[in-house]
Structures are given as structure tokens and as C-alpha cells.
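Please read the structure below before turning to the comments.
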Amino acid sequence: MANLFKKFLTPVMFMSLAIFISSGCSTNDPVINNSVKTAGSLDVTVTASTYNGRYAPRHVMAIWVESSSGTFVKTLVARAAERRQYLTNWLNATSSGNTTDANTGATLNSYSAVNCSWNGTNVSGDVVGDGDYNLNVEYTENDGTGKIATFAFTKGTSTDTRTPATTSGVSVGKLIWTPN
């Protein structure tokens, strides 16, 4: 019975996979489906505000880019020395706290604007595919997960300028993708 099951199951699984692929079902993740890769830059100014946590106004912060499907692309800012473990969303997204090419530093002592940019590349330095991405901002003033905000933008062959609403105490002013 077990051999019959193996003989039947393997071809069925293979045929199911072939049907799935041939039907055009695929991920829309631009990091994975990256046939068009436009070089350029995303420039943004991030401002967070206190929620009067235990260490306020001192806080730790991470800013990173991921695809709209949730694939981690690159960390832009990681300002957390002693309490980086409380940036749980960022750590989960990167799976290792990757800071390749990121602006890193100690815990922030006060709230002020943080300027950052993204050159459209991943941690390996390769330009990623055009498509929909998210800029994620996480910060905390406590010994625990704090606030997270996500802002959508499109990386492509034309300029994408957005002025999103403040979310979770985070404002970004303008979010501008400019192709080269």
C-alpha cells in the first residue's frame, strides 16, 4: 500500500506543480520577479513622536525596505545599541538584524527628523526589480515592542511622490522615488 501511495503521489504532485506554473500563477513580488530593474533613489525624512514610554525621549529605531509581499530588501537606519532586541518587527523581517550599508548608531536621545535614502539595491548591492515596496519604521521607548508604521511606494521608471498620513506616531513628509 505504501509503495502504491508513493508511485501515485509523486506524479500527482509533479503534475499539480506543472499546472500551477503553466496557469500563470506566480508571485508578484518584485524582489523575486525582477526582470525590470530601474536604478534610482528613494529619499525620505522620518519623524517619530514620543508615546511617553519608560525611557522617553530616548528611543531605538529601525527603518527598512521590503517588498509589498514582505520580502526583506535592506535596512536603511538602525539606531539601537543596547536595546536593539526590542525592535522585534525589524529583527523578524531581517532574520538577523542585517545592517549592510545602513546608517547605524547608538540609541537616540531625543526626537528629531531622521533623513535616509535607498539606492534601489538589496544587501548584496544588486538593483532589485521594479514594483511595489514598503518603507517600514519601528521605534520603541520601552523594554518591549513599540510602534511600527508602514508606507507604500512604487519603484519604477517614473517618479513616485507620496505624502502619506502620519501613522503610529510616525510621519515621513514626502516619500519620493526618483529613477536615474
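The values are calculated or read from the model by the stated rules, or taken from the named source; none is laboratory data. Source: prediction; values computed, not measured. Here the Cβ positions follow ideal geometry from the backbone for every residue, glycine too, while neighbour counts run over all protein chains shown. We work out accessible area using only protein heavy atoms, side chains counted, and drop any ligands, DNA or RNA first. Shrake-Rupley method; radii C 1.70, N 1.55, O 1.52, S 1.80 Å.
Things worth noting here:
- Reducing segment 89-112 and segment 114-148 to their Cα centroids gives an inter-centroid distance of 9 Å.
- You can think of it this way: the chain between Thr178 and Ser117 has 20.9 nm of extra reach, that is 0.36 nm per residue less the Cα-Cα gap.
- Multiplying the residue separation of Asp101 and Thr45 by 0.36 nm and subtracting their alpha-carbon distance yields 18.4 nm.
- Angle in degrees between helix 2-22 and the longest Cα principal axis of the chain, rounded to the nearest 10: 60
- Calculated FRET efficiency, Ser158 to Asn92, Cβ-Cβ distance, R0 = 30 Å: about 0.40 to the nearest 0.05.
- Looking at segment 140-179, the trypsin sites (Lys or Arg not before Pro) that sit in a DSSP loop and have at most 16 other Cβ atoms within 10 Å of their own Cβ are Lys174.
- Karplus 3J(HN,Hα) series, Hz, for segment 40-54 with 6.51 cos²θ - 1.76 cosθ + 1.60 (x for Gly, Pro): x, 8, 10, 10, 8, 10, 10, 10, 10, 10, 5, 10, 6, x, 3
- A simple rule links phi to the HN-Hα coupling: the Karplus curve 6.51 cos²θ - 1.76 cosθ + 1.60 with θ = phi - 60°, which for segment 150-160 gives 10, 10, 7, 7, 10, 9, x, 7, 10, 5, 10 Hz, with x for Gly and Pro.
- Two-decimal log10 I(q)/I(0) for the chain, as the Debye equation yields it once each C-alpha is a single scatterer, q = 0.10 Å⁻¹: -0.47
- For Thr121, solvent-accessible area (1.4 Å; no DNA, RNA or ligand), Å²: 10
- Largest GNM mean-square fluctuation across Ala78, Ala152, Ala165, computed for the chain with C-alpha springs under 10 Å, falls on Ala165.
- The chain: most fluctuating residue of Gly156, Gly129, Gly53 per GNM, C-alpha cutoff 10 Å: Gly53
- Two-site FRET efficiency, Tyr55 against Asn28, from Cβ-Cβ distance with R₀ of 30 Å, rounded to 0.05: 0.15
- Net charge dipole, the chain: roughly 280 debye, given to the nearest 20, about the Cα centre with Cβ charges of +1 for Lys and Arg and -1 for Asp and Glu.
- Candidates Tyr133, Tyr86, Tyr51, ranked by Gaussian network fluctuation over the chain, Cα under 10 Å, top entry: Tyr51
- Ordered by solvent-accessible area of protein heavy atoms (1.4 Å probe), largest first, the residues Ile32, Ile148, Ile63 come out as Ile32, Ile148, Ile63.
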